[in-house]
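Q: A single structure is presented below for examination.
Bear in mind that the values in this text are calculations on the coordinates, not laboratory data. If you're wondering where the values come from, they're calculated on a predicted model, not measured in any experiment. Glycine gets a Cβ as well: all are built from the backbone with ideal geometry, and neighbour counts include every protein chain shown.
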Amino acid sequence: MTYEKNNSGRNHAGLYGEVQESFVANLIRARRVAGGVDSDSGELQQMQKGRLASDSELSSGTITKLTSSADTQDVKPDLETICKLGHALNISPAFLLMTPRDWNLLLQAFSTVQDLTDPNGEHVRPLVQILEDAAKSQNVNDSVKAGLRFMEVMRSESYATTERARQQMGILAMTAMTQGSVKRQGTALKMYATALGAILGDREISQN
């Protein structure tokens with residue numbers, strides 16, 4: 001498969017800015033309700049900045065900077081900081097970086113995977129067969145390749161083209177990651193992992 005240079009050399013700045021903005025928004029939303037439910041009023045409570053700073057072992061100044069939506073371009077937390085915040089808020093650090101597009105795609109993927117639980121539909125049976133065959137294999141690469149085949153059948157088009165090169169890369173990479181989490185799981189979970197990874201990988205990650 002050919003992969004043209006201009007397709008792989010796109011600038012990451014658009015993605016970086018999108019993730020920066022989403023990180024700040026996600027952190028603000030999480031902190032706004034992480035104080036728990038007030039026992040008297042029943043209202044959701046905001047986690048105070050001082051508590052978040054203490055629980056995350058970060059300075060109050062850092063928390064103030066990270067939760068300010070005035071200029072997200074100045075927000076550049078390192079991986080350790082993101083992990084500390086995730087631990088303090090009891091959420092996966094990865095979700096702090098999720099963009100609205102990521103969330104929408106994840107919800108769409110869940111909807112599609114749910115359809116696979118009822119394999120009676122004519123359009124669903126071929127997809128289920130691809131996933132079942134891959135789940136029975138002991139070779140993880142078979143499941144990864146099945147993710148690509150799954151998308152080609154679902155979209156009724158080939159991904160072995162220059163125009164689809166980035167999507168193919170994303171499908172293979174995402175499916176490999178989801179499969180890595182279900183190595184010792186049953187057939188059903190392996191099937192869903194293949195479908196979920198393939199669907200989440202089928203996107204143009206950068207708008208630049």
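Q: Whole percent per 10 Å bin, from 0 to the bin with the longest distance: what is P(r) over all C-alpha pairs of the chain?
A: Bin by bin from 0 Å, the calculated values are 8, 27, 27, 23, 13, 2, 0.
Q: Once you place label points 7 Å from the Cα toward the Cβ at residue 176 and residue 94, how far apart are they in nm?
A: 1.5
Q: List, in order, the whole-Hz ³J(HN,Hα) value for each residue of region 190-201 obtained from phi through the Karplus relation with A = 6.51, B = -1.76, C = 1.60 and θ = phi - 60°; use x for Gly and Pro.
A: The phi angles translate into 5, 4, 5, 5, 5, 5, 5, x, 5, 5, 5, x Hz.
Q: About the Cα centre of the chain, what is the dipole size in debye to 20, counting +1 per Lys and Arg Cβ and -1 per Asp and Glu Cβ, all else neutral?
A: Roughly 400 debye for the chain.
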